[in-house]
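Visitor: Okay, handing you the structure first.
Laboratory data are not the source of any read-out in this text; all were calculated from the coordinates shown. Everything quoted here is computed from the prediction, not taken from an experiment. Positions of Cβ are generated from backbone atoms using ideal geometry, with glycine treated the same way; all protein chains shown enter the neighbour counts.
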2 protein chains.
Amino acid sequence: MPNTAGIIIIGNEILSGKVQDANSPYLCRELRFLGVELCRIITIPDELEIIAQHVREYSNAYTWVFTSGGIGPTHDDVTIDSVAAAFGHKVILPPRLEALVRSFYGDDTNEAHLRMARMPEGGALIDTPPLQTPLLLVENVFVFPGVPELLKNRFSLLKERFQSDPIHLRQIYLSANEGQIADVLNKTLDTFPELMLGSYPALWNKDYKVRLTLESRSESYLDAAFSHLQARLPQEEIVRVE
Amino acid sequence: MPNTAGIIIIGNEILSGKVQDANSPYLCRELRFLGVELCRIITIPDELEIIAQHVREYSNAYTWVFTSGGIGPTHDDVTIDSVAAAFGHKVILPPRLEALVRSFYGDDTNEAHLRMARMPEGGALIDTPPLQTPLLLVENVFVFPGVPELLKNRFSLLKERFQSDPIHLRQIYLSANEGQIADVLNKTLDTFPELMLGSYPALWNKDYKVRLTLESRSESYLDAAFSHLQARLPQEEIVRVE
């Protein structure tokens, strides 16, 4: 079975259009590059019950879950409590995290700052040097900050652990419309049922009208399917292949 | 009860990072402007059972559901069948849609093109002049194309029907860190429990460090909450208010 993933974006600011989600587009590209099959992306509000329910459901369904957001010091930061609730864990204040927060805020450290030192009991702290703050992992759920720069620098330091069998890709660009080639695509899928075949119109593109993407975890299977399809497409409509 | 919405983005091309979703950021902003409370955005693969399940669930949960993608002529376009399955409707080929497709493709019209003339029985076709092709509405589910230009021009012609009680917004920009003001935010929420209050750090911003957003459907409630909070924040940390 391939490794799978679900992404949970937590934040009213995304749902209300105040901030555009930059994390899921980044994670989509990275996970594909790593060969991980991303199955769901969901954006949900800052509400404990809703977050806990999705964390539980996605944790059961996928190899890895990535959450983003809701781990700051204010009232709307409820991700830690939600992840703890999802698995029935208590929330604790481990000395290591408390010391980290106190060293950062010094004499100004208050109760709100210390909220950022809380974690679900049984969670693991993953060190990502040279960054000082560790990343929280609870079961198979990686708890990322919502700030895109912080998510990206943590993910990029961790990503080797998600390396899976690569997904190979070839592409065909056509000047035909999708309807003209639909039958050829269907017949190719009859012969190569395991092929991941995408067909994407580009209505206002001057260069091509349809992009076909062919993917497989087997390079030889992909090559065979690619040759099969390429030979059956109307040759005069092929703009280029990649 | 305020009007609510759920967005279902359908497409392997988004999950695999080949195409970045431009439709949900657009709909987020538009729906907020219209006063609609957006509760979920989910991106799911081109698979009939998964689409049908989410359409059914979201249709029951929210005032309106917006789907995007999967209505073209190829094998991976399964949204029409999925929406029909969600409500237990048959798929029909209404003469009006068939005529539209035949007038567009002329003598080249084939079975694949005619897939685009199919719709669930009992669905409504909404005309959006000057556009020639009507938009499909099934129960409370608006079935939009995935191509961003096509979604935007249809939604913009329809949006008046979603006009709801407006959500009023005020903002405060601060040079403080979130932890310093968390206590004041909590106390404001004790006094104004209906206030929608967001706190968003801007770690690398030179102008301010935190943006507070205060929202309410009642302008007078918002004004009272705004004055209450503004007076209790450290005055020297307020960069500006909006």
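Visitor: Only residues that are more than 26 Å from A:Glu149 (Cβ to Cβ) and either within 12 Å of chain A (Cβ to nearest Cβ) or of a type in the set (Asp, Glu) (or both): list them for the stretch B:169-191, please. Quick ask: steps written out before the conclusion?
Guide: Step one: of the stretch B:169-191, the residues more than 26 Å from A:Glu149 (Cβ to Cβ) are B:170, B:183-184, B:186-191.
If the condition is that a residue be more than 26 Å from A:Glu149 (Cβ to Cβ) and either within 12 Å of chain A (Cβ to nearest Cβ) or of a type in the set (Asp, Glu) (or both), then B:Asp183, B:Val184, B:Asn186, B:Lys187, B:Thr188, B:Leu189, B:Asp190 are the ones that fit.
Visitor: On to the next question. Anything in the stretch B:54-85 that is among the polar types (S, T, N, Q) and touching a strand residue (DSSP E or B) at 6+ places or on another chain (Cβ under 9 Å)? List them, or say none. First the steps, then the outcome.
Guide: If we filter the stretch B:54-85 for residues that are among the polar types (S, T, N, Q), which is where we start, we get B:59-60, B:63, B:67-68, B:74, B:79, B:82.
B:Ser59, B:Thr63, B:Thr67, B:Ser68, B:Thr74, B:Thr79, B:Ser82, listed by residue number.
Visitor: Scanning for something in contact (Cβ under 8 Å) with a residue 12 or more places away in the chain, surrounded by 17 or more Cβ atoms within 10 Å (Cβ to Cβ) and more than 11 Å from chain B (Cβ to nearest Cβ), does the stretch A:28-40 turn up at least one residue? Working first, answer last.
Guide: First, the residues of the stretch A:28-40 that are in contact (Cβ under 8 Å) with a residue 12 or more places away in the chain: A:28, A:30-32, A:34-40.
Right, trim to surrounded by 17 or more Cβ atoms within 10 Å (Cβ to Cβ) and you get A:28, A:30-32, A:34, A:36-40.
Subset that is more than 11 Å from chain B (Cβ to nearest Cβ): none.
No, because not a single residue in the stretch A:28-40 is in contact (Cβ under 8 Å) with a residue 12 or more places away in the chain, surrounded by 17 or more Cβ atoms within 10 Å (Cβ to Cβ) and more than 11 Å from chain B (Cβ to nearest Cβ).
Visitor: When you scan the stretch B:138-170, how many residues do you find that are β-branched (Val, Ile, Thr) and on the phi > 0 side of the Ramachandran plot?
Guide: Step one: filter the stretch B:138-170 for residues β-branched (Val, Ile, Thr), giving B:138, B:141, B:143, B:147, B:167.
Then keep just the ones that are on the phi > 0 side of the Ramachandran plot; that gives none.
Counting residues in the stretch B:138-170 that are β-branched (Val, Ile, Thr) and on the phi > 0 side of the Ramachandran plot gives 0.
Visitor: Could you tell me which residue of the stretch B:188-236 is surrounded by the most Cβ atoms within 10 Å (Cβ to Cβ), considering only residues that are hydroxyl-bearing (Ser, Thr, Tyr) and under 23 Å from A:Asp46 (Cα atoms)? Quick ask: steps written out before the conclusion?
Guide: Residues of the stretch B:188-236 that are hydroxyl-bearing (Ser, Thr, Tyr), as a first pass: B:188, B:191, B:199-200, B:208, B:213, B:216, B:218, B:220-221, B:227.
Now narrow it down to the ones that are under 23 Å from A:Asp46 (Cα atoms): B:188, B:191, B:199-200, B:213, B:216, B:218, B:221.
Working: B:Thr188: 23, B:Thr191: 12, B:Ser199: 21, B:Tyr200: 20, B:Thr213: 19, B:Ser216: 21, B:Ser218: 14, B:Tyr221: 15.
Filtering the stretch B:188-236 for residues that are hydroxyl-bearing (Ser, Thr, Tyr) and under 23 Å from A:Asp46 (Cα atoms), the one surrounded by the most Cβ atoms within 10 Å (Cβ to Cβ) comes out as B:Thr188.
Visitor: Something else now. Would you call B:Glu139 acidic (Asp, Glu), crowded, with 16+ Cβ neighbours inside 10 Å and either in contact with a Pro (Cβ under 7 Å, 6 or more places away or on another chain) or more than 14 Å from every other protein chain (Cβ to nearest Cβ) (or both)?
Guide: Numbers: acidic (Asp, Glu): yes; crowded, with 16+ Cβ neighbours inside 10 Å: yes; either in contact with a Pro (Cβ under 7 Å, 6 or more places away or on another chain) or more than 14 Å from every other protein chain (Cβ to nearest Cβ) (or both): yes.
So B:Glu139 fits the description; yes.
Visitor: Among the residues of the stretch B:149-165, how many are closer than 18 Å to B:Ala5 by Cβ, part of a helix (DSSP H, G or I) and not basic (Lys, Arg)? Don't jump to the end; show me each part of the working.
Guide: Within the stretch B:149-165, the subset closer than 18 Å to B:Ala5 by Cβ is B:151-152, B:154-165.
Checking which are part of a helix (DSSP H, G or I) leaves us with B:151-152, B:154-162.
Pick out the ones that are also not basic (Lys, Arg) and you get B:151, B:155-158, B:160, B:162.
The total comes to 7.
Visitor: When you scan the stretch A:15-27, how many residues do you find that are in a helix (DSSP H, G or I) and at the interface with chain B (Cβ under 7 Å from one of its Cβ atoms)? If you could, list the steps in order and put the result at the bottom.
Guide: If we filter the stretch A:15-27 for residues that are in a helix (DSSP H, G or I), which is where we start, we get A:15, A:23-27.
Among the residues that remain, those that are also at the interface with chain B (Cβ under 7 Å from one of its Cβ atoms) are: A:15, A:25.
So the count comes out to 2.
Visitor: In the list B:Val55, B:Val101, B:Val78, which residue meets the criterion of being buried (at least 16 other Cβ atoms within 10 Å of the Cβ), in contact with a His (Cβ under 8 Å, 6 or more places away or on another chain) and among the β-branched types (Val, Ile, Thr)?
Guide: Numbers: B:Val55 fails: in contact with a His (Cβ under 8 Å, 6 or more places away or on another chain); B:Val78 fails: in contact with a His (Cβ under 8 Å, 6 or more places away or on another chain).
Selected residue: B:Val101, the only one of B:Val55, B:Val101, B:Val78 that is buried (at least 16 other Cβ atoms within 10 Å of the Cβ), in contact with a His (Cβ under 8 Å, 6 or more places away or on another chain) and among the β-branched types (Val, Ile, Thr).
Visitor: Being closer than 30 Å to B:Leu114 by Cβ and surrounded by fewer than 20 Cβ atoms within 10 Å (Cβ to Cβ) is the filter here, so list the residues in the stretch A:153-176 that pass it. Walk me through how you get there before you give the answer.
Guide: Within the stretch A:153-176, the subset closer than 30 Å to B:Leu114 by Cβ is A:170-176.
Of everything in the stretch A:153-176, those that are closer than 30 Å to B:Leu114 by Cβ and surrounded by fewer than 20 Cβ atoms within 10 Å (Cβ to Cβ) turn out to be A:Arg170, A:Gln171, A:Tyr173, A:Ser175, A:Ala176.
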